[in-house]
Amino acid sequence: MASTQSDQGARVLVASNRGPVSYEVQENGSLSAKRGGGGLVSGLSAIGSDADSLWVCSALSDGDREAVRRGIVGAGPEAPPQRGGGGRREGEQGVRMLDIPADVHADAYNGIANSALWFVHHMLYQTPLEPVFDAEFRRQWASYETYNRAFAEALAEEAGQGAAVVVQDYHLTLVPGMLRELRPDLRIGHFSHTPWAPPEYFRMLPDDIAEQVLRGMLGADRLGFLTRRWASAFEACAAQLVGGLGDTRIGVHGLGADADFLRKRSHEADVDERLAALRAEVGEGRRTIVRVDRTELSKNIVRGLLAYRQLLDDHPEWRERVVHVAFAYPSRQDLAVYREYTAEVQRVAEEINSVYGTPGWTPVVLHVKDDFARSLAAYRLADVALVNPIRDGMNLVAKEVPVVSDEGCVLVLSREAGAYEELGEDAIVVNPYDVVGTAAALHEALTLPVEERAARTKRLAAAATALPPAQWFLDQLHALDADQPS
Ligand code: G6P
């Protein structure tokens, strides 16, 4: 379909469900823009001039849809599309939002991506009741295809001749194959931010769907994963289901923490204020076990609380002397199972406080309102950081805490987090299901000699920042270039 091609289109394109900016309609009708954080956003800042780069994402809120309608982030009715992304140049540079019909998006995002693919990749289904791939799943799958096609078509329209396109994550697995058909001239990469399940688990998906996912991704020149473990699992799935990788190359890029940004941001006035407030909440002279998570089922927050309770039982000497500071920020609240999990976290925290608490000591300080400055304050305060996911693509909290920590912090880390591959040697490693073992690890962490704790934190910080976001992104682009026949 050479007719969609443009010589003036973008040179580097990123595609992801959630974009780098979101909009809100203000009372006076104006739109306010909020820039997101995260590795991908800072990584992209490395590619330079916005005029040559474009981020294609979904409109996720009413404000986003209004921004599309007004032609700020793509072509709305008032700004008819032009070749090479003309519709976006008037407003937000370098972003095009796709206003995908709400029901199609809900099926693709809540139904397929977050209720099926997320569970498969994290190996989170609980048999015997789940999963059930029924007619409703098939109906949602058709929406997932429609949603992926909308991205492929927008990218085909926006990309300049021979441009590099990097597609992100499990929401968009079909895009590389679809885009390859529309624009064979493009260099296409796909990056998975999640784990990848080995074939015996991945093959829970119906065969035809599993094959579509793999073939869709294998439409890319190059597939990126966060760790060797996830890359190998993908290779094994491809070998079993579709006869191997074909011409597609695999790369491992372990996204690291952004040291410069974090060190500067964590000493700004709002973080200092929150640190003072947290210190007051914890109480003078007490040790802290800190965790910061989005409340995703994979994060294992409830078992973390149970391990803390076990610590108080096994080592009563810690009562009154330690506080578990747990930040559990709500995520994906459209899904009942996430809402129930959020409620369970709150219930267990309250129970611990009512059973063990004393007039002067609240054993668990739980906060659920997302506040990045307060998260950084908690990192600075932490004596121990608990990162115990059942499974995680990487887990950036494990990498951020040692960078920000004021006085050194012991990392208790699940062996199922991608970060374990890089940080395992200097962390205290746990099996995330083993509550008694995790309690013992917390005790060990709290009693580690100060010098040992400082030395470990230093080594952890070095390992955690080995591949900063900008370099992580550039490495992928260079690898895409290198894969081209000259
Ligand atoms: C986690 C995963 C990413 C994923 C993101 C989507 O952070 O590690 O792989 O892209 O969730 O989050 P959202 O809030 O957009 O569903």
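The values are calculated or read from the model by the stated rules, or taken from the named source; none is laboratory data. Everything quoted here is computed from the prediction, not taken from an experiment. FYI the Cβ positions are ideal-geometry reconstructions off the backbone, even for glycines, and counts take in every protein chain you see.
Among the residues in segment 280-293, are any more than 25 Å from the chain's Cα centre (by Cα), among the acidic types (Asp, Glu) and either closer than 22 Å to Leu376 by Cβ or within 16 Å of the ligand (Cβ to nearest atom) (or both)?
Yes: one or more hits.
Which numbered condition trips up Asn353, out of (1) free of Cβ contacts under 8 Å to residues at least 40 places away in the same chain; (2) within 16 Å of the ligand (Cβ to nearest atom); (3) part of a helix (DSSP H, G or I)?
Unmet condition: (2).
For Arg339, are the conditions met, namely being free of Cβ contacts under 8 Å to residues at least 12 places away in the same chain and under 16 Å from Asp293 (Cα atoms)? Please lay out each step first, then the result.
Details: free of Cβ contacts under 8 Å to residues at least 12 places away in the same chain: yes; under 16 Å from Asp293 (Cα atoms): yes.
The answer is yes for Arg339.
Anything in segment 21-40 that is away from the ligand (no atom under 12 Å from the Cβ) and assigned to a loop (DSSP other than H, G, I, E, B)? List them, or say none. So that I can check it myself, show each step before the final result.
Within segment 21-40, the subset away from the ligand (no atom under 12 Å from the Cβ) is 21, 23-35.
Scanning segment 21-40 gives Gln26, Glu27, Asn28, Gly29, Ser30.
For segment 380-400, enumerate the residues that are surrounded by fewer than 24 Cβ atoms within 10 Å (Cβ to Cβ) and farther than 27 Å from Ala197 by Cα.
Passing the criteria: Arg380, Leu381, Asp383.
Is it the case that some residue within segment 199-222 is of a type in the set (Lys, Arg), touching a strand residue (DSSP E or B) at 6+ places or on another chain (Cβ under 6 Å) and under 20 Å from Tyr420 (Cβ atoms)? Break it down stepwise before answering.
Taking segment 199-222 and keeping what is of a type in the set (Lys, Arg), we get 203, 215, 222.
Of the ones still in play, those that are also touching a strand residue (DSSP E or B) at 6+ places or on another chain (Cβ under 6 Å) are 222.
Right, trim to under 20 Å from Tyr420 (Cβ atoms) and you get none.
No - not one qualifying residue is present in segment 199-222.
Could you grab me the full set of residues in segment 296-334 that are crowded, with 17+ Cβ neighbours inside 10 Å and within 16 Å of the ligand (Cβ to nearest atom)?
Once the filter is applied, which keeps residues that are crowded, with 17+ Cβ neighbours inside 10 Å and within 16 Å of the ligand (Cβ to nearest atom), segment 296-334 yields Glu296, Leu297, Ser298, Lys299, Asn300, Ile301, Phe327, Ala328, Tyr329, Ser331, Arg332.
Can you tell me which residues in segment 175-201 are within 16 Å of the ligand (Cβ to nearest atom) and closer than 17 Å to Thr248 by Cβ? Full working, then the answer.
In the first step, residues of segment 175-201 are kept if they are within 16 Å of the ligand (Cβ to nearest atom); the result is 175, 189-197.
Within segment 175-201, Val175, Gly189, His190, Phe191, Ser192, Trp196 meet the criteria.
Taking segment 216-230 only, how many residues are within 18 Å of Leu477 (Cα to Cα) and in a helix (DSSP H, G or I)?
Going through segment 216-230 one residue at a time, the tally reaches 1.
For every residue, the table says whether it meets (1) without any contact (Cβ under 8 Å) to a residue 24 or more places away in the chain; (2) assigned to a strand (DSSP E or B); (3) of a type outside the set (S, T, N, Q); (4) within 16 Å of the ligand (Cβ to nearest atom).
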position	(1), (2), (3), (4)
Ile390	no, no, yes, yes
Asn395	no, no, no, yes
Val403	no, no, yes, no
Asp406	no, no, yes, no
Val412	no, yes, yes, no
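Just to confirm my filter: which strands (runs of 3 or more DSSP E) fall fully inside segment 244-347 and include at least 1 residues that are among the hydrophobic types (A, V, I, L, M, F, W, C) and within 18 Å of Asp371 (Cα to Cα)? Please lay out each step first, then the result.
Numbers: elements: 249-252, 287-294, 322-329.
Output list reads 287-294, 322-329.
Give me the residue from segment 43-58 that is among the polar types (S, T, N, Q) and at pLDDT below 70 and, out of that set, surrounded by the fewest Cβ atoms within 10 Å (Cβ to Cβ). Working first, answer last.
Quick first cut of segment 43-58, residues among the polar types (S, T, N, Q) only: 45, 49, 53, 58.
Restricting the remaining residues to those that are at pLDDT below 70 gives 45, 49.
On the way: Ser45: 13, Ser49: 10.
Applying the filter and picking the extreme gives Ser49.
Do you know which residues across segment 354-367 are surrounded by 15 or more Cβ atoms within 10 Å (Cβ to Cβ) and over 15 Å from Arg274 (Cα atoms)?
Narrowing segment 354-367 to residues surrounded by 15 or more Cβ atoms within 10 Å (Cβ to Cβ): 356-357, 361-367.
Answer for segment 354-367, where residues must be surrounded by 15 or more Cβ atoms within 10 Å (Cβ to Cβ) and over 15 Å from Arg274 (Cα atoms): Tyr356, Gly357, Trp361, Thr362, Pro363, Val364.
Given (1) within 24 Å of Arg249 (Cβ to Cβ); (2) touching a strand residue (DSSP E or B) at 6+ places or on another chain (Cβ under 8 Å), where does Glu158 come up short, assuming only one miss?
Among (1) within 24 Å of Arg249 (Cβ to Cβ); (2) touching a strand residue (DSSP E or B) at 6+ places or on another chain (Cβ under 8 Å), the lone unmet condition for Glu158 is (1).
Does segment 402-443 hold any residues that are within 23 Å of the chain's Cα centre (by Cα) and among the small types (Gly, Ala, Ser), and which are they?
Ser405, Ser414, Ala417, Gly418, Ala419, Gly424, Ala427, listed by residue number.
Among the residues of segment 1-41, which ones are within 18 Å of His478 (Cβ to Cβ) and modelled with pLDDT under 90?
Gly39, Leu40
Tell me whether segment 332-341 contains one or more residues that are under 18 Å from the mean Cα position of the chain (by Cα) and under 22 Å from Arg286 (Cα atoms).
Checking segment 332-341: not a single residue is under 18 Å from the mean Cα position of the chain (by Cα) and under 22 Å from Arg286 (Cα atoms).
Anything in segment 420-443 that is touching a residue at least 60 places away in the same chain (Cβ under 8 Å), surrounded by 18 or more Cβ atoms within 10 Å (Cβ to Cβ) and closer than 18 Å to His193 by Cβ? List them, or say none.
Across segment 420-443, the qualifying residue is only Glu422.
Filter segment 161-173 for residues that are within 16 Å of the ligand (Cβ to nearest atom) and either over 19 Å from the mean Cα position of the chain (by Cα) or at negative phi (or both) and give the result. Give the derivation first.
If we filter segment 161-173 for residues that are within 16 Å of the ligand (Cβ to nearest atom), which is where we start, we get 166-173.
Across segment 161-173, the qualifying residues are Val166, Val167, Gln168, Tyr170, His171, Leu172, Thr173.
Cβ-Cβ distance below 8 Å, separation of 6 or more or different chains: which pairs start in segment 12-28 with a residue that is under 13 Å from Asp62 (Cα atoms) and free of Cβ contacts under 8 Å to residues at least 60 places away in the same chain and end on one that is of a type in the set (Asp, Glu) and away from the ligand (no atom under 16 Å from the Cβ)?
Sorted first by the residue in segment 12-28, then by its partner, the pairs are Tyr23/Glu66; Val25/Asp62; Val25/Glu66.
Please go through (1) touching a residue at least 60 places away in the same chain (Cβ under 8 Å); (2) of a type outside the set (Gly, Ala, Ser); (3) on the phi < 0 side of the Ramachandran plot for Leu223 and return the number of the only condition it doesn't satisfy.
(1)
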